[in-house]
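What follows is a short report on a single structure.
The values are calculated or read from the model by the stated rules, or taken from the named source; none is laboratory data. Not measured: the values here are computed from a predicted model. Virtual Cβ from ideal backbone geometry, glycine too; neighbours counted across all protein chains shown. Accessible surface is based on the protein model in full, side chains and every heavy atom, while ligands, DNA and RNA are left aside. Shrake-Rupley method; radii C 1.70, N 1.55, O 1.52, S 1.80 Å.
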Amino acid sequence: MKLLEEKILQDGIVKEGNVLKVDSFLNHQLDIDLFTEMGKEFKRLFADRPVNKILTIEASGIAIACIAAQQFHVPVVFAKKAKSINLEGEMYTTKIESFTHKRTYDVIVAKKFLSADDHILIIDDFLANGCAVEGLIDLIRSAGATVEGVGIAIEKGFQQGGKNLRNKGIRVESLAIVDSMDAATGKIVFREQ
Ligand code: 5GP
């Protein structure tokens, strides 16, 4: 998606440790006109899938998921990072290792919001090693629901998450794929799609 790539080139900052900072339009301050276009693009890409729910993870996936959901006219459920699990019977739970915070979270979704007849589109801001998305897939499978696909704003194609998911037959559509980035020069190269 050209518009997103241009925005990344203009305002993205490449940090040490393979982190792309996009705080000024995607992760902290939010560019809603850009989000609206991203929502339309997700709808175009997954128009053939019978999506009845979008699943994301707090916090930065929520805004993108909500704007995508306006195009699909479906509800959004977000998985919560739990400090302690004391309602296990009523929750699906999994563990997710955070790429940016280098720690592991227990992640939960209430059973009443995921069921076997759900057809789920996963949406998130970034795909790096794939832990977040794998965790969400785990929650969906615990509920016996169907994963219709994964929509990502920015995939870091030099990390393994996207490759691993596609190798498992999961449909992953990323609006921008960064093939390389260099913290010293700030140079960012996108994959042609
Ligand atoms: P993964 O689980 O695929 O390794 O990492 C995905 C999660 O980590 C995303 O939900 C995102 O919040 C965060 N993340 C991973 N890489 C980056 C990055 O380069 N920049 C930012 N801002 N977040 C990232």
| query | Can you tell me which residues in region 138-147 are open to solvent by 20 Å² or more (accessible area, probe 1.4 Å) and either within 16 Å of the ligand (Cβ to nearest atom) or among the acidic types (Asp, Glu) (or both)? | reply | Asp138, Val147
| Any chance Val147 is part of a strand (DSSP E or B) and either under 22 Å from Ser98 (Cβ atoms) or at pLDDT 95 or above (or both) | yes
| field | Scan of region 153-191 for residues that are more than 10 Å from the ligand (Cβ to nearest atom) and hydrophobic (A, V, I, L, M, F, W, C), ordered by number | value | Phe158, Ile170, Val172, Leu175, Ala176, Ile177, Ala183, Ala184, Ile188, Val189, Phe190
| request: Considering only residues that are open to solvent by 50 Å² or more (accessible area, probe 1.4 Å) and either in contact with a helix residue (DSSP H, G or I) (Cβ under 6 Å, 6 or more places away or on another chain) or part of a loop (DSSP other than H, G, I, E, B) (or both), look in region 150-172 and name the one that is nearest to Val189 (Cα to Cα). | output: Phe158
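Of the residues that sit in region 114-137 and are charged (D, E, K, R) and within 8 Å of the ligand (Cβ to nearest atom), which one is most open to solvent (accessible area, probe 1.4 Å)?
Here is the first cut: in region 114-137, the ones charged (D, E, K, R) are 117-118, 124-125, 134.
After this cut, where a residue has to be within 8 Å of the ligand (Cβ to nearest atom) as well, the list is 124-125, 134.
Numbers: Asp124: 10, Asp125: 14, Glu134: 59 Å².
Top of the filtered list is Glu134.
For region 4-76, which fully contained strands (runs of 3 or more DSSP E) count at least 3 residues that are within 15 Å of the ligand (Cβ to nearest atom) and surrounded by 15 or more Cβ atoms within 10 Å (Cβ to Cβ)? Before you say what the answer is, go through the steps one by one.
Working: elements: 13-15, 19-21, 53-57.
So the answer is 53-57.
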